[in-house]
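Reviewing the structure listed below.
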Amino acid sequence: MSENKDKKLLSIVSPAYNEAENLDELFSRVLNATRDLNLEIEFVYINDGSSDNTIDIINKQCEKDNRITVVDLSRNFGKEIALTAGLDHASGDAIIVID
């Protein structure tokens, strides 16, 4: 995933359950907080069976930024299972969980 082999990859993993109203702000703040780091960034969202339009917002973000990956669970499994799914899909040298 990393284009520059000298840079380390940081994975940001975040489960989302009915978080449609917060996702754009979350992504914006994460990008702002990591802007000056000498790291490649990947963002892994886990849609934990949301009943609002969380998955639509995530998919729109994915269209705009190829650093975003989405794991779309078939139903709500709970935060711990969602985090585990996100960790399984993260490929970074280090991982930060935002819950």
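The values are calculated or read from the model by the stated rules, or taken from the named source; none is laboratory data. Worth saying up front: this structure is predicted, and the values here are computed from it rather than measured. Because the Cβ atoms are built from the backbone with ideal geometry, glycine has one as well, and the counts that use them run over all protein chains shown. What goes into the accessible areas is simple: the full protein's heavy atoms, side chains included, and nothing from ligands, DNA or RNA. Shrake-Rupley method; radii C 1.70, N 1.55, O 1.52, S 1.80 Å.
Kindly check whether there is at least one residue in segment 9-20 that is surrounded by fewer than 13 Cβ atoms within 10 Å (Cβ to Cβ) and either in contact (Cβ under 8 Å) with a residue 12 or more places away in the chain or in contact with a helix residue (DSSP H, G or I) (Cβ under 8 Å, 6 or more places away or on another chain) (or both). Walk me through it before giving the result.
To start, the set of residues in segment 9-20 that are surrounded by fewer than 13 Cβ atoms within 10 Å (Cβ to Cβ) comprises none.
Checked against the condition, which is being surrounded by fewer than 13 Cβ atoms within 10 Å (Cβ to Cβ) and either in contact (Cβ under 8 Å) with a residue 12 or more places away in the chain or in contact with a helix residue (DSSP H, G or I) (Cβ under 8 Å, 6 or more places away or on another chain) (or both), segment 9-20 yields no hits at all.
Looking at segment 76-92, I want the residues that are closer than 18 Å to GLU19 by Cβ and in contact (Cβ under 8 Å) with a residue 60 or more places away in the chain and have a partner that is exposed (fewer than 14 other Cβ atoms within 10 Å of the Cβ) and of a type outside the set (S, T, N, Q) with Cβ atoms under 8 Å, at least 6 apart or on another chain. Which pairs are those?
So the pair list comes out as LYS79/ASP99; LEU83/ASP99.
Please state which of the following conditions MET1 fails to meet, knowing it meets all the rest: (1) at pLDDT 95 or above; (2) part of a loop (DSSP other than H, G, I, E, B).
All conditions pass for MET1, except number (1).
Which residue is most open to solvent (accessible area, probe 1.4 Å), if the candidates are limited to segment 54-99 and must be under 17 Å from LEU31 (Cβ atoms) and assigned to a helix (DSSP H, G or I)?
Across segment 54-99, the extreme among qualifying residues is LYS64.
Go through segment 57-99 residue by residue and tally those that are in contact with a Ser or Thr (Cβ under 6 Å, 6 or more places away or on another chain) and hydrophobic (A, V, I, L, M, F, W, C).
Going through segment 57-99 one residue at a time, the tally reaches 3.
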